[in-house]
1. With the cut-off at 1.5 for a/c, could you classify segment 1-55 from its C-alpha gyration tensor as rounded, prolate or oblate?
2. In whole percent, how big is the carbon plus sulfur part of the accessible area of the chain, probe 1.4 Å, protein atoms only?
3. Heads up, I need the accessible area for LYS70: 1.4 angstrom probe, whole protein in place, Å², nearest 10.
4. For segment 1-50 and segment 79-110, what is the separation of their C-alpha centers, rounded to whole Å?
5. Can you list the residues, at least 5 places off or on another chain, whose amide H is less than 5 Å from the amide H of ALA40, using H built in the peptide plane?
6. Could you rank TYR92, TYR8, TYR107 by how accessible they are, 1.4 Å probe, largest area first?
7. Charges at C-beta only: +1 for Lys and Arg, -1 for Asp and Glu. How large is the resulting dipole of the chain about its Cα centre, in Debye rounded to 20?
8. Volume per residue, Å³, of the convex hull around the alpha-carbon atoms of the chain?
Amino acid sequence: MSHGKTAYVCLPCRASYKQPYDSGRPRRVCPRCARTLIHAGSAFAAPPRRDRDAWRVLGVLLNAGVRFHKSCCGGPGFRPRTLREVRERLTYARRAGVPFARALVRYDVP
């Protein structure tokens, strides 16, 4: 069953591909390196390929299970954009005992 286009990401290639979502075909491969693509969500916008830090941030988010899906208000909500924001949230998660994925999407951390 198709629900429009969604983004799939290859972190090593720093590439994103918009493809129709098909739950019957969960595994997608990168056309550049043949590694498995990560489903990023329909509200995902890829950073420029040359922006290594942004791709490192994205890798932390995707590997923690954070995705970019549209919400009732139109966007995926807060996502950190800098390595500093990621470090702050991961430190908060360790100290507070909060799951990384939940800490990463917090706008403010105490």
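The values are calculated or read from the model by the stated rules, or taken from the named source; none is laboratory data. Note that the coordinates shown come from a computational prediction; the quantities given were computed from them, not determined experimentally. Every residue, glycine as well, gets a Cβ built from its backbone with ideal geometry; the counts of neighbours run over all protein chains shown. Please note that ligands, DNA and RNA were not included when accessible areas were found on the heavy atoms of the full protein model with its side chains. Shrake-Rupley method; radii C 1.70, N 1.55, O 1.52, S 1.80 Å.
1. Values: a/c = 2.95, a/b = 1.54, b/c = 1.91.
Taking the square roots of the gyration eigenvalues as a ≥ b ≥ c, segment 1-55 is oblate.
2. Values: 3590 of 7020 Å².
Answer for the chain: carbon and sulfur cover 51 percent of the accessible area.
3. 130
4. Segment 1-50 and segment 79-110 have Cα centres separated by 25 Å.
5. Sorted by chain and number, the residues that satisfy this are ALA7, TYR8, VAL9.
6. On the way: TYR92 40, TYR8 5, TYR107 160 Å².
Result of the area sort, largest leading: TYR107, TYR92, TYR8.
7. Details: 23 positive and 6 negative charges, 56 e Å.
Here the size comes out at about 280 debye.
8. Working: hull volume 12.3 nm³, N = 110.
Cα convex hull per residue, to the nearest whole number: 112 Å³.
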